[in-house]
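We did not get these values from a lab; they are worked out from the coordinates using the rules stated. Being a predicted model, the structure only gives us computed values, none of them experimental. Ideal geometry is used to build each Cβ from the backbone, glycine not excepted, and the neighbour counts take in all protein chains shown.
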């Protein structure tokens, strides 16, 4: 039996709701259907040292459509810590959603180059965050992690700033 594109899309839509995946075979079928999808995660962190507020944000896209987004407040984090925490949080959501093949984007050149091995991680706090991020990456099936310019990361940037503002009084 062969399914046409419309039938595949309808089946993927039906199974996208976890309550319709009643057993492991339905879960496996759904994962096969979405494995051909392009999944992208965009993450960003924002920090203001004067107000001691920080936030993280991210958006998961599948085939150009938003699947999930997050915007969270952090207290008293540096910008680099926020960037790492945004990445770690985004990876956890990918894993939770069983989207284990993803292209990941960040406008933090430092974090991207540390994760890809171009830069060493020297600061102890950054080493902890790096280790936590790599633990999440190891749970993925396949991934790429690329640096993008801030203007190409505007949704995650807005979400991170909104998360930071949740802490301002």
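I want the antiparallel fraction of DSSP beta bridges within region 40-165, as a percent rounded to 5. Mind showing how you got there, number by number?
On the way: 19 of 29 bridges.
Bridges in region 40-165 are about 65 percent antiparallel.
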With springs only between Cα atoms under 10 Å apart, run a GNM on the chain and tell me which of 25, 69, 77 wobbles the most. 25
Rounded FRET efficiency, nearest 0.05, which uses the C-beta distance separating residue 166 from residue 49 and R0 of 22 Å: 0.80
Between 139, 21, 158, find the one with the highest GNM mean-square fluctuation for the chain; connect C-alpha pairs within less than 10 Å. 21
Angle between the chain longest axis and helix 5-15 axis [Cα atoms, degrees, rounded to 10]: 60
Relative to the longest principal axis of the chain, what angle (0 to 90°, nearest 10) does the C-alpha long axis of helix 79-96 take? 20
Note: residue 9 to residue 65 extended length (0.36 nm per residue) minus current alpha-carbon separation gives 18.8 nm
Measure out, as a whole number of angstrom, how far apart the alpha-carbon centroids of region 9-41 and region 52-113 sit. 23
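To the nearest 500 deg cm²/dmol, what mean residue ellipticity at 222 nm is calculated for the chain from DSSP H runs of n ≥ 4 alone, each contributing -39,500 (n - 2.57), summed and divided by the residues? Numbers along the way, then the final one.
Details: 6 runs with 73 residues, N = 169.
The per-residue figure over the chain is -13500 deg cm²/dmol.
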Angle, helix 154-165 long axis vs. longest principal axis of the chain, Cα atoms, 0 to 90°, nearest 10? 50
If each residue of separation counts as 0.36 nm, what is the full-extension length gain between residue 154 and residue 32 once their alpha-carbon separation is subtracted? 40.8 nm
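For the chain, take N as its residue count and report Rg(C-alpha) divided by 2.2 N^0.38 Å. Intermediate values should be presented prior to the final figure.
Values: Rg = 17.4 Å, N = 169, 2.2 N^0.38 = 15.5 Å.
Taking N as the residue count of the chain, the ratio is 1.13.
Mean separation of Cα pairs under 8 Å and 6+ residues apart, divided by the residue count of the chain: what relative contact order is that in percent?
It rounds to 29 percent for the chain.
I need the calculated FRET efficiency for the pair residue 24 and residue 103, taking r as the beta carbon distance and R₀ as 25 Å, to the nearest 0.05.
Using R0 = 25 Å, I get an efficiency of 0.35.
Please give the peptides 118-125, 103-110 ranked by average Cβ packing (other Cβ atoms within 10 Å per residue), highest first, as a rough proxy for protection.
So the peptides 118-125, 103-110, ranked by packing, come out 103-110, 118-125.
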Full extension from residue 125 to residue 147: what is 0.36 nm times the residue separation minus their Cα-Cα distance, to one decimal in nm? 5.8 nm
